[in-house]
Amino acid sequence: MKVKALSRSSNDYVRERSQDLHKVQRNLNPTIHPFEQGREYVRALNTVKLERMFAKPFVGALNGHIDGVYSMAKHPTRLASMISGSGDGEIRVWDISDQRTTWSANAHNGIVQGVCAGATDTSRFLSCSQDKTVKIWDTNSGSDPIHTYVGKYAFMSLSHHRKDPLFATAGNSVDVWDESRSEPIHEFEWGADSYQSVKFNQVETNILASTGTDRTIVLYDLRTSQPISKVVMAMRTNAIAWNPIEAFTFAAANEDHNTYLFDMRNMESAHNVFKDHVSAVMDVDFAPTGQEIVTGSYDRTLRLYNINQGHSRDVYHTKRMQRIFSVQFSMDSKFVLSGSDDGNIRLWKANASEKLGVKDWRERHHLAYAASLKERFKHMDEIRKIDRHRPLPGDVRRADRMKKTILSSEKRKDENRRKHSKKYAEEKRIPERKKAIIGVAK
């Protein structure tokens, strides 16, 4: 008589090592697990609550400056290097990982308005000031400048070409300098009395942009040695930042509390408007991934945005932090730095609830599962409410409430005009992305 026996491999249920979890066979048929969706909703809710509970974004403060920090720049090739300039003319080079100063010098007789890293040598960087000088420094050759360039007027901003020994300055005009010459090789002007900031495009390296006191943003091309186009805003733009991934995209930090995302090929309308600040936005910077921006404002808060969303995903603040004049992403996109006029540079996590340090494979799988649950149930009211909640300082909260009241009353007034007046009813509605743009010239 032949007997048939069921058999299975021991690899399906025996652990390879004694430290491993026991293997459990499970049927994933949803009809057998009718309460699975409810259990996953509870897990997603607990995930959001734990994220808010353990959200500790502040990492540390880089102390050393005795005046406000008005300019900062990250090094494009050194992951942990950061350059800062203060109101008393001092420049410092920081090691972010150790949170200490590696090099410092009393560089200028006025406020350091701009710093940037050089392109040809990793130890070189440049600085400009209101004392009408631009200086090139080398951290390996002491605290004396290698070269000094003297201008006719005060310099307000500085930017270096990505590969070539060229740099641009903003003052009474936008000047392009060659490091081997003592005079500018190009000088650009288009109607403004003075220019507040200038920035080279890091992808299309022949393009640079500037912002002027006449509320304009002007684009220039080094190949033709002339301006390309100009957009006039309703209020002044304080700073600009180019997207490091998308060649034609840049962000503009404006005095009207908003930051605007533009495509240089069509500046008739902004691609996105980043809101939520209650005072002028002083600086903006892109993450190296090109998918996020950070803004610093006069309202003493720091906000992080996804470039596809109009409202901030996070806001950072402390009791002692004063008005923020400079912000930077780190080169690994994991940290954000802010410089304020209280003399401190503060280091923040880009994701407030992210755990620093090494995570084993089991913890990584758990965090990935929790993130997928949060993404799946993010539309639920309770989860969305907890995820969006951020404590704000009292004055910022009151200003935000007042600003929303003013905007809603203006909207209601416009609707009443259109409802009761034929003249206003025939007027075209202006999209939010075009309201701040007065015109474009080419």
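So for the range 89-105 (the condition being open to solvent by 40 Å² or more (accessible area, probe 1.4 Å) and more than 24 Å from Asn344 (Cβ to Cβ)), does at least one residue qualify?
no
Select from the range 343-391 the residues that are among the basic types (Lys, Arg) and within 30 Å of Glu90 (Cβ to Cβ) and write down the one among them that is nearest to the chain's Cα centre (by Cα).
Ranking the qualifying residues of the range 343-391, first place goes to Lys349.
Can you name every residue in the range 182-191 that is modelled with pLDDT under 90 and not in a strand (DSSP E or B)?
Of everything in the range 182-191, those that are modelled with pLDDT under 90 and not in a strand (DSSP E or B) turn out to be Ser182, Glu189, Trp190, Gly191.
Kindly indicate the residue of the range 115-152 that is among the hydroxyl-bearing types (Ser, Thr, Tyr) and assigned to a strand (DSSP E or B) and also surrounded by the fewest Cβ atoms within 10 Å (Cβ to Cβ) among those meeting that condition.
Restricting to residues being among the hydroxyl-bearing types (Ser, Thr, Tyr) and assigned to a strand (DSSP E or B), the top hit is Thr148.
Check Arg384, Arg362 and return the single one that is closer than 20 Å to Leu304 by Cα, assigned to a helix (DSSP H, G or I) and of a type outside the set (Val, Ile, Thr).
Matching residue, one of Arg384, Arg362: Arg384.
Which residues, counting only those in the range 234-244, are outside any strand (DSSP E or B), closer than 19 Å to Gln291 by Cβ and either touching a residue at least 60 places away in the same chain (Cβ under 8 Å) or open to solvent by less than 20 Å² (accessible area, probe 1.4 Å) (or both)?
Answer for the range 234-244, where residues must be outside any strand (DSSP E or B), closer than 19 Å to Gln291 by Cβ and either touching a residue at least 60 places away in the same chain (Cβ under 8 Å) or open to solvent by less than 20 Å² (accessible area, probe 1.4 Å) (or both): just Asn243.
Determine which member of the set Ala280, Ala247, Ala251 is surrounded by fewer than 19 Cβ atoms within 10 Å (Cβ to Cβ), among the aliphatic types (A, V, I, L, M) and under 15 Å from Ser197 (Cβ atoms).
The unique qualifying residue is Ala280.
Is it true that Val218 is buried (at least 19 other Cβ atoms within 10 Å of the Cβ) and either assigned to a strand (DSSP E or B) or without any contact (Cβ under 8 Å) to a residue 12 or more places away in the chain (or both)?
So Val218 passes the test.
When you scan the range 366-410, how many residues do you find that are closer than 30 Å to Arg320 by Cβ, touching a residue at least 12 places away in the same chain (Cβ under 8 Å) and open to solvent by 100 Å² or more (accessible area, probe 1.4 Å)?
Here the count works out to 1.
The values are calculated or read from the model by the stated rules, or taken from the named source; none is laboratory data. Please read all numbers here as calculations on a predicted model, not as lab measurements. Glycine gets a Cβ as well: all are built from the backbone with ideal geometry, and neighbour counts include every protein chain shown. Ligands, DNA and RNA are stripped out before the accessible areas are found, and what is left, the full protein with its side chains, is counted by its heavy atoms. Shrake-Rupley method; radii C 1.70, N 1.55, O 1.52, S 1.80 Å.
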